[in-house]
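Structure, as structure tokens:
Rule-based calculations on the coordinates, nothing more; no lab input. Bear in mind that the values here come from a model prediction, so they are computed numbers and not experimental data. Glycine also receives a Cβ, built like all others from the backbone with ideal geometry; neighbour counts cover every protein chain displayed.
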């Protein structure tokens, strides 16, 4: 029998999730809420949700509550929601940071009903218009601190991710934040800086952006990502991002020095070292 | 009547180019040469070229010669080829740097038969196996220093790019190197550094690279690009790359400092400034 899913935050991630869950009949009905009335109406119009409700009504009527909000909102929402759910309601978040959230709910009496998850997919766009079926297909979803969730909660959320065609990986919240800091958050930081540097230097839009072929487009793509989502991620995960950002700055400065000195051997070594990434990504 | 095209360098760029030109009947026959005998045989096997020949024979028998080699080879090949062509043979290069090349052939008596071009497309892969039809479709090709080429040469090469479905932009060689330094070369440098930093920090491949979702994959993609192609590009264009690399390092260091100080307002400003790239790319 399909579940009633309550979606808090009707954007790219949450919206894409429920579109698939409803198609797979895992969900029989989607009720949704959002701080933005405009987005909420848009989600209704696009049939992402079946009904728009208030947060307390959503908590009361949902079998599963998906918290798909910026991570600063999520850390406050999880205890608020756990304070109010029925015994047979389960809650998951889908945020990109987990350490603070994990500490924040560690002692909650309903902690077992909550599963901290991170489905690793997305695009540089946001809002309900950006949601689409299949966003998560064949990607990885991380379940953080699984021992803190009840077996029943884990099984239910595993089933949910099975219907999204995702592969599950279990991980400690701190390890999650460290690894995701390396691969995801660092990539966003360097992409934002690329956009800022090039916009600073190139006053004449048309000359340059005509030339923005594949290389620039793919490196700067993430720089379009929304400030509402990414600012709180950077702030919550600063302790993990800063050390790898420093290593990155050191490496790029070394490359700059080799280039300044026209040190062919060092430059070649640097590029060949970077090329090692080839074998790592496609397995 | 189709032309006999002589392809020097049977890799991704040259190979993709002649595949389309032959399909469009702009070329009746492709003869090819390459320093790598293995690649040359592969290009024959894949029907990218019809015949493998030596360089001098290629020069003698071609109507159009496409130089699709690493840019350090190109600067030496252009005068060598211009010394030997018939009066009705035309030559183009497709390299990513133009200033040095332009100076190098400025006074050549056959300069009018040469067109310096840069079709702005590519992938992170290389060699004849990486070539495919349609690589250049709807992209931009830059013609550098058009006033140095004869009208006949320009018209012929324009026709060649028309058959690749490319849009032409005319540009001074130095302006080309500066702009391409910003959008293409800088993107490669920061992607190489990202790969080096993450490989340095993450000893445990499997843990992290499982997490390499869209964000990391697109930012690090260029780090797979071959050293043979990119080392000479960096070296030839160092004077244009170093200033924008310094600006980039300054901007990213500023972001790091804002993050270290948890300066929400500055971080938000930085991200919003980066977001301005949104409107610039899709026109």
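Odds and ends about this structure:
- Legend: mean number of C-beta atoms from other chains within 10 angstrom of residue C-beta atoms, peptide B:235-242, equals 2.
- Entry note, the range A:69-211: relative contact order of 21 percent, from Cα contacts under 8 Å with a spacing of 6+ residues.
- For the rotation that carries chain A onto chain B, the axis lies closest to a Cβ at A:218, 2, where the number is the distance in whole Å.
- Inter-copy separations for residue B:279, label at 7 Å along Cα-Cβ, nm, ascending: 4.8
- Counting only other chain Cβ atoms within 10 Å of each residue's Cβ, the peptide B:163-176 averages 1.
- Largest to smallest principal axis extent of the C-alpha atoms in the range B:106-171, angstrom: 37, 21, 18
- For the peptides A:8-21, A:85-98, residues were scored by their other Cβ atoms within 10 Å and the scores averaged per peptide; the highest-first order is A:8-21, A:85-98.
- Cα gyration tensor shape for chain B, rounded if a/c is under 1.5, else prolate or oblate: prolate
- When only Cα pairs below 8 angstrom with a gap of at least 6 residues are kept, the range B:176-281 shows a relative contact order of 35 percent.
- For chain A, the longest principal axis of the alpha carbon atoms and the long axis of helix A:238-260 meet at an angle near 20°.
- The shape of the protein assembly as shown comes out prolate: with a ≥ b ≥ c from the C-alpha gyration tensor, a/c is at least 1.5 and a/b beats b/c.
- Sorted from shortest to longest, the distances between the residue A:51 label points of this copy and the other copies are 7.8 nm, with each point 7 Å from Cα along the line through the beta carbon.
- Normalised contact order of chain B, rounded percent, pairs of Cα under 8 Å and 6 or more residues apart: 17 percent
- Taking the longest Cα principal axis of chain B as reference, the axis of helix B:264-275 is set at about 20 degrees.
- Cα-based shape type of the range A:176-281, given that a ≥ b ≥ c are square roots of the gyration tensor eigenvalues and the cut on a/c is 1.5: oblate
- Between copies, residue B:168 shows label-point distances of 6.0 nm, shortest first, with the point placed 7 angstrom from Cα along Cα to C-beta.
- 0 to 90° range, to nearest 10: angle between helix A:71-82 axis and chain A longest Cα axis: 20 degrees
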